[in-house]
1. So what are the ³J(HN,Hα) numbers for region 426-434, from phi and the Karplus equation (6.51, -1.76, 1.60; θ = phi - 60°), rounded to whole Hz, Gly and Pro as x?
2. Can you list which of the GluC sites (Glu not before Pro) found in region 7-106 are DSSP loop residues with at most 12 other C-beta atoms within 10 Å?
3. Which far-off residues, 5 or more places away or on another chain, put their amide H under 5 Å from the one on Cys44, with H placed in the peptide plane?
4. Suppose every Lys and Arg Cβ carries +1 and every Asp and Glu Cβ carries -1, with no other charges. What dipole size does the chain come out with about its Cα centre, to the nearest 20 debye?
5. What pairs in Lys111/Lys161; Lys111/Lys154; Lys281/Lys351; Lys10/Lys37; Lys154/Lys199; Lys36/Lys135 have C-alpha atoms more than 18 Å from each other?
6. With a 1.4 Å probe and every protein chain kept in, tell me what percent of the accessible surface of the chain is carbon plus sulfur.
7. Pick out, from Ile364, Tyr48, Pro421, the residue whose Cα sits farthest towards the positive end of the charge dipole of the chain, with +1 on the Cβ of Lys and Arg and -1 on the Cβ of Asp and Glu.
8. Pairing the Cα long axis of helix 519-534 with the longest principal axis of the chain, what angle in degrees results, from 0 to 90 and rounded to the nearest 10?
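The values are calculated or read from the model by the stated rules, or taken from the named source; none is laboratory data. Predicted model only: the values in this text are computed from it and were never measured. Positions of Cβ are backbone-derived with ideal geometry, glycine not excepted, and every protein chain shown enters the neighbour counts. When the accessible area is computed, the model is the full protein with side chains, heavy atoms only, and any ligands, DNA or RNA have been set aside. Shrake-Rupley method; radii C 1.70, N 1.55, O 1.52, S 1.80 Å.
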Amino acid sequence: FDFCQAEGKKRPSENLGQVLFGERIEPSPYRFTFNKKETCKTVCTKTYDTTKPEDKQKLDFLKKSMLLNYQHHWIVDNMPVTWCYDVEDGQRFCNPGFPIGCYITEDGRPKDACVINSEFHEKDTFYIFNHVDIKIYYHVVENEALGARLVAAKLEPKSYKHTHPDNPDCSGVPMDISNKASGEVKIAYTYSVTFHEEKNIRWASRWDYILESMPHTHIQWFSIMNSLVIVLFLSGMVAMIMLRTLHKDIARYNQMDSTEDAQEEFGWKLVHGDIFRPPRKGMLLSVFLGSGTQILIMTFVTLFFACLGFLSPANRGALMTCAVVLWVLLGTPAGYVAARFYKSFGGEKWKTNVLLTSFLCPGIVFADFFIMNLILWGEGSSAAIPFGTLVAILALWFCISVPLTFIGAYFGFKKNAIEHPVRTNQIPRQIPEQSFYTKPLPGIIMGGILPFGCIFIQLFFILNSIWSHQMYYMFGFLFLVFIILVITCSEATILLCYFHLCAEDYHWQWRSFLTSGFTAVYFLIYAIHYFFSKLQITGTASTILYFGYTMIMVLIFFLFTG
């Protein structure tokens, strides 16, 4: 964008999480001195001559960004500078950004932020917010000799057509840029800053006013209750099956002392000779189980830390950094789990198993990520990840994660295979004709619905915080939902597994993985719905990026739920 640039100031450094999320912090040309009031100070003046093609291109880019409601995000002392305005029901909403400008349509309808001022009324015209009134609130520290601390920064965007750009007075008509304007367009950027003492806000709780203005906490309790009802219902079902049915079955089996009774077995007892038959594609299943364990532990630890408040929005990028580092360090459980299961499936090719565990799922994620990065790089986006960071991530993966996976696999293969309580028959038994709901596909599709029902309300907020740059801070809720999701996934799987074992279908390994793993497919469908209903994303590159990143999330979620 062609705004005022800060001359010769160094860019602040970002951590890994910020780089991965594409957050870049640039130095600003707006200068403040503490407690020194500024009124209508010039930053710079930009002149566009529409007859020159490069100037016209810059101006068209500005217009397009105003049409799409692009936002400035400013930070002072690690606090977002917010724009607070009244919304319905007398509530104040504090937006951590403010728009570049706004547009009045050809039939005179104000779009987005143009409703704030009745002077914005020219048809088919853009109004640029070229002046900001910044208010900085500080809290004087009494007992120490520290002076004062900044507790809030708020601004009001204004639009003024400065008649004398070199000597601005910040009054008069708004700065309009007609859509059909030709000739020379001059935009002078100015600012005013005032300092106010605020005795009531402590420095430690200075984020609260932003978070309080975010609506939605009441929806959260509703969603938690909704999820808990599902969990109670499922737990009741599982308990009933475990206690009543299994108890009855086992009592009946114990009564059979005469041999002719034993011939008339039924239900799940019939498949005892086939239940531990190794699954088809056991290699792939063990690799998925290893990667899934890695992701499960990573999510648990990350959310646990987030609940304790280590990863608040104030530490930018901390969440992502924490997740990546944990994922790298958790190679050992992945290797161990994959090796144990592969060995108990009677697998021999342990080298292939270790290599697939270290490279298959991470490789898919990295390849997807790399392609997305190439697209960003081709578009010249600031969110493209520098080459150095890519090398650093590869180094983390190859030099830390892979050796740890090998160590885990070594211990997994050294242990004896998991002992099965019954022997497997030589000849596999025939599987009888299945009814509709014990067939593999309907069972798997039904299994994904319940876990998805627990999470979809949270999913809306998470997708908002990723794509609409809203802050996500409800980690307590998220941790609860995470625990509920884990319980629901396991209970739904146990239930459906019991049903199809009773129908004498003994292929349970893949089905139990896919039953809850199918939640990821519902997640994908929801993400597609979100894309079309909530986001106004135009352009091929942006669409490919959205779905590319969504596929990464879906794969991780699939391994995690499975």
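1. Calculated HN-Hα couplings, in order: 5, 9, x, 7, 5, 8, x, 4, 8 Hz.
2. Values: sites: Glu7, Glu14, Glu23, Glu38, Glu54, Glu88, Glu106; in loops: Glu7, Glu14, Glu23, Glu106.
Passing sites in region 7-106 are Glu7, Glu106.
3. Here Tyr189 satisfy the definition.
4. Values: 47 positive and 47 negative charges, 249 e Å.
Dipole size: approximately 1200 debye.
5. Working: Lys111/Lys161 20 Å; Lys111/Lys154 23 Å; Lys281/Lys351 16 Å; Lys10/Lys37 26 Å; Lys154/Lys199 16 Å; Lys36/Lys135 12 Å.
Over 18 Å Cα-Cα: Lys111/Lys161; Lys111/Lys154; Lys10/Lys37.
6. Numbers: 18570 of 29950 Å².
Answer for the chain: carbon and sulfur cover 62 percent of the accessible area.
7. Pro421
8. With rounding to tens, the tilt is 20 degrees.
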